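This report concerns only the one structure given below.
The values are calculated or read from the model by the stated rules, or taken from the named source; none is laboratory data. Source: prediction; values computed, not measured. Here the Cβ positions follow ideal geometry from the backbone for every residue, glycine too, while neighbour counts run over all protein chains shown. Please note that ligands, DNA and RNA were not included when accessible areas were found on the heavy atoms of the full protein model with its side chains. Shrake-Rupley method; radii C 1.70, N 1.55, O 1.52, S 1.80 Å.
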Amino acid sequence: MKSTLSDKLQFTKTSLQKNSGPLLIILLFVVLGIFLVYLGLRTETTFLWIFGAVFGALPLLGILFTIPSSFLYYYEQAQTKKYGTYGSANIIEKEEKDVSYIDKVGNRRVNVKAFQYFLTYAFEHNGQSFQNTFLVAGKNCFDALEIGQEIPIQFLRNNPKKSTIRRRKLANELGLPIEDCR
């Protein structure tokens, strides 16, 4: 499968849109840092330009280490959506992770219960086995799915490791709102 230049640009645009929030926040920090450096150099205030450089550089370094993987993830998702082959997979593992935390509200502490629901699925393509894990938002969707149950997926024929769940179809099959299976 060869992607055209327009397809690659579209996949890049989709990925940038999904990452636009963090990128805009980092841009704000960088611009403010550059302004502080400029102001520090103009007024010959050493502390101000050093603070501005650190203020702009730290978020920029953080984003340089996190955005590439996020960008690639959304790029591959867009690519799979356009060129993917429909298939089915079987759930092989269910995992519920407790991510509860303590939040401070005023002078008191509040225990906030939170869970993440992970499902691992496996499928075969051209005699090879592949597996992937996905996260569902709602406990209803998690509880409705059982180990061994068949679920709808989409994957790239030339790289089956890149697969995704067809969430709308899954929600329709389970009779749940799409928000539960996001």
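With respect to Ile67, is the statement that it is assigned to a strand (DSSP E or B), aliphatic (A, V, I, L, M) and open to solvent by less than 40 Å² (accessible area, probe 1.4 Å) true?
Working: assigned to a strand (DSSP E or B): no; aliphatic (A, V, I, L, M): yes; open to solvent by less than 40 Å² (accessible area, probe 1.4 Å): yes.
Here the answer is no, as Ile67 does not meet what is asked.
Counting only residues that are of a type in the set (Lys, Arg), at pLDDT below 85 and open to solvent by less than 70 Å² (accessible area, probe 1.4 Å), how many does region 70-94 have?
0
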Output for region 3-24, where each listed residue is touching a residue at least 12 places away in the same chain (Cβ under 8 Å), of a type in the set (A, V, I, L, M, F, W, C) and either open to solvent by 80 Å² or more (accessible area, probe 1.4 Å) or touching a strand residue (DSSP E or B) at 6+ places or on another chain (Cβ under 6 Å) (or both): Leu16
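A quick yes/no check of all residues on (1) closer than 15 Å to Tyr121 by Cα; (2) open to solvent by 10 Å² or more (accessible area, probe 1.4 Å); (3) modelled with pLDDT of 90 or more; (4) in contact with a helix residue (DSSP H, G or I) (Cβ under 6 Å, 6 or more places away or on another chain):
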{"site": "Asn132", "(1), (2), (3), (4)": "yes, yes, yes, no"}
{"site": "Leu135", "(1), (2), (3), (4)": "yes, yes, yes, no"}
{"site": "Asn158", "(1), (2), (3), (4)": "no, yes, no, no"}
{"site": "Leu170", "(1), (2), (3), (4)": "yes, no, yes, yes"}
{"site": "Pro177", "(1), (2), (3), (4)": "no, yes, yes, no"}
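Scan region 111-122 and tell me whether some residue there is of a type in the set (S, T, N, Q), surrounded by 17 or more Cβ atoms within 10 Å (Cβ to Cβ) and modelled with pLDDT of 90 or more.
Here is the first cut: in region 111-122, the residues of a type in the set (S, T, N, Q) are 111, 116, 120.
Add one more test, that the residue is surrounded by 17 or more Cβ atoms within 10 Å (Cβ to Cβ), and what stays is none.
No, because not a single residue in region 111-122 is of a type in the set (S, T, N, Q), surrounded by 17 or more Cβ atoms within 10 Å (Cβ to Cβ) and modelled with pLDDT of 90 or more.
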Checked region 1-55 for anything small (Gly, Ala, Ser), out of contact with any helix residue (DSSP H, G or I) (no Cβ under 6 Å at 6 or more places or on another chain) and either within 20 Å of Ser69 (Cα to Cα) or in a helix (DSSP H, G or I) (or both); matches are Ser6, Ser20, Gly21
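Out of curiosity, is Leu145 open to solvent by less than 80 Å² (accessible area, probe 1.4 Å), touching a Cys at 6+ places or on another chain (Cβ under 8 Å) and either on the phi < 0 side of the Ramachandran plot or of a type in the set (Asp, Glu) (or both)? Write out each step before concluding.
Values: open to solvent by less than 80 Å² (accessible area, probe 1.4 Å): yes; touching a Cys at 6+ places or on another chain (Cβ under 8 Å): no; either on the phi < 0 side of the Ramachandran plot or of a type in the set (Asp, Glu) (or both): yes.
When the stated conditions are applied, Leu145 does not pass them.
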Looking at region 104-115, can you tell me whether even one residue there is under 25 Å from Leu72 (Cα atoms) and under 21 Å from the mean Cα position of the chain (by Cα)? no
If a residue must be more than 13 Å from Glu93 (Cα to Cα), without any contact (Cβ under 8 Å) to a residue 40 or more places away in the chain and not in a strand (DSSP E or B), how many such residues does region 140-173 contain? 8
Positions within region 88-113 being under 30 Å from Phe130 (Cα atoms) and either among the polar types (S, T, N, Q) or not in a strand (DSSP E or B) (or both), in sequence order: Ser88, Asn90, Val99
